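Input: a single structure, listed below in structure tokens.
The values are calculated or read from the model by the stated rules, or taken from the named source; none is laboratory data. On a predicted model such as this, the values are computed, not experimentally measured, just so you know. Here the Cβ positions follow ideal geometry from the backbone for every residue, glycine too, while neighbour counts run over all protein chains shown. To get the accessible areas, we keep the full protein, side chains included, count just its heavy atoms, and leave off ligands, DNA and RNA. Shrake-Rupley method; radii C 1.70, N 1.55, O 1.52, S 1.80 Å.
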Amino acid sequence: MSYELFKKDCVKIYLLNEIVNEKTSGIEVYLESDGAERNFLSIRKEGMDTYQFNNFLVSEIPSENCIVFKPNVVGCPAYVMVTSDKDIKIDVIRNGATEVDRSFPMLAGEVKIEFAPENYTKYNLFVNQRMTAYDSQEIQTMATGAQHQLHELQDDTKSLLENISAVNTEIETQKLKKEQLTNEKNTLSAEHSELAENVKSLSGDIEKIEADKQKLTDDKAKLIDKLDKIKAEYDKDYESYKDEIEEIKRNYDVDAEILKYYEDKDVTAIEELIENAKKDIERIEEQIRIFVDAKARKTAEIESELKLGKKE
């Protein structure tokens, strides 16, 4: 099966130390334009971590123990043949990315990595196990182990799917519960708002009732006070005041209608009415005296002027 590889994508082979230092593994590279295989050690640049090999940029990363082949452009067909006595790990990382996009775990032995160009826009990458360093018994054992691992993974996958299904069911249950609780909360909020309005309205009614009650209480107190005054006046011996009133009328020549006028003003003690009447009469007499004196002086002045005129 092919894998699409574009320019600037990276192919990492994790065997740098084994190839360069230990010499326990090897790489042969082939370019159609050269027409022959070349050993990797013959193309690398000593003391350089990055160098050009035809249309490929080759990098060595000791910290990751890997060799990187990055096509700058899509050119002629090429391949890399890797031989190793240990299992081989090959990763592909897309241009500009940091995470592995595709990984090819290969067995110890011989692995061929082919770059087949298509319309000069991309490579079709083929990674094939050509030979293996394991014998048939080891391969059978590995196959059995792989099969066992596959069954375990399938069981784990089944268990995970069941767990995922159960979790999804629980999530849906919790969503419904959340929705139900949200609706209940909204209902309670609406009821709370309505109750708050009712309480506010009742508070206003209570305040009005309290005010009306206080007014009635005050009016009652005023009526009781007025009734007490009326009763006090009612209990007095008004007959005993008749002679005193007649005496005042004789002494001050006050019309009875004036006294009657003052008697009709609210409910006032008769002693106070009499006292006020005396004061009013005195004020009237004082005003009469002032006006009479003024008129007398004016008359005297006129008479004096007339006498002087006759003498002349």
Write down Rg/Rh for segment 1-137, rounded to two decimals, with Rg from the C-alpha atoms and Rh from the Kirkwood relation over Cα pairs. 0.94
Centre separation in Å (Cα based) which lies between segment 18-73 and segment 287-309: 151
Rounded to one decimal in nm, the spacing of the 7 Å Cα→Cβ label points at ARG130 and ILE274 is 15.1
Length gained when the stretch GLU162-LYS220 is fully extended (0.36 nm per residue, less Cα-Cα span): 12.4 nm
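Based on the Cα atoms of segment 78-125, what semi-axes does the equivalent ellipsoid have, where each is the square root of 5 times one gyration tensor eigenvalue, given in whole Å with the largest first? Numbers along the way, then the final one.
Working: eigenvalues 97, 53, 8 Å².
Three semi-axes, in Å: 22, 16, 6.
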Accessible area of segment 29-133 divided out per residue, in Å², using a probe of 1.4 angstrom: 51
Starting from the Cα of LEU153, step 7 Å toward the Cβ, then list every residue of segment 75-89 with an amide N under 20 Å from that point. 87-89
In square nanometres and to one decimal, what's the mean projected area of the convex hull around the Cα atoms of segment 31-112? 6.2
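Of all the accessible heavy-atom surface of segment 25-65, with the other protein chains kept in place and a 1.4 Å probe, what percent is carbon and sulfur?
On segment 25-65, the fraction of accessible area on carbon and sulfur atoms equals 46 percent.
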How much length is gained on full extension from ILE209 to LEU306, taking 0.36 nm per residue of separation minus their Cα-Cα distance? 26.8 nm
Listed highest first by mean packing, meaning other Cβ atoms within 10 Å per residue, what order do 271-283, 78-90, 54-66 come in? 78-90, 54-66, 271-283
Efficiency of FRET between TYR120 and GLU170 - r from beta-carbon atoms, R0 51 angstrom, step 0.05: 0.45
